[in-house]
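Trainee: Got a structure here, written out as structure tokens. Questions coming.
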Amino acid sequence: MSALCRLLNYVGKHGASTANSLGVMALMYSGFGVILSYARGTDDEYNTLASATATGLLYKASGECEQGHCYPYVADGSDSVII
């Protein structure tokens, strides 16, 4: 199997979940940025730093760690960790 074929198979299999994760992070970052700009009445580098920090903390807070490995938790009603 050629390298291009393997790459296309990988992107086809994992691309949607990666795009979904990046979209969620972008939405969170933008939301925090707008809220902070409105609350503080200014748009400066501190809002950017606080938005990035809040996004990272909140995004990683939705995971579950066991024996040093963290797994994302997906609330699908079955109360299970999906890897």
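Trainee: If I stretch the segment between L49 and L7 completely, what's the gain in nm (0.36 nm per residue apart, minus their alpha carbon distance), one decimal? Numbers along the way, then the final one.
Mentor: Details: separation 42, 0.36 × 42 = 15.12 nm, distance 3.47 nm.
Roughly 11.7 nm would be gained on extension.
Trainee: Could you give the length gained by full extension between S37 and A16, i.e. 0.36 nm per residue of separation minus their alpha carbon distance, to one decimal place? Don't skip to the end; give the middle numbers.
Mentor: Numbers: separation 21, 0.36 × 21 = 7.56 nm, distance 3.14 nm.
Going from the current span to full extension adds 4.4 nm.
Trainee: Please list the non-local residues whose amide H lies under 5 Å from the amide H of D43, H modeled 1.01 Å from N, same-chain partners needing a gap of 5 or more.
Mentor: Here nothing satisfies the definition.
Each value in this text was obtained by applying a stated rule to the coordinates, not by laboratory testing. In this text, all values refer to a predicted model and were calculated from it rather than measured experimentally.
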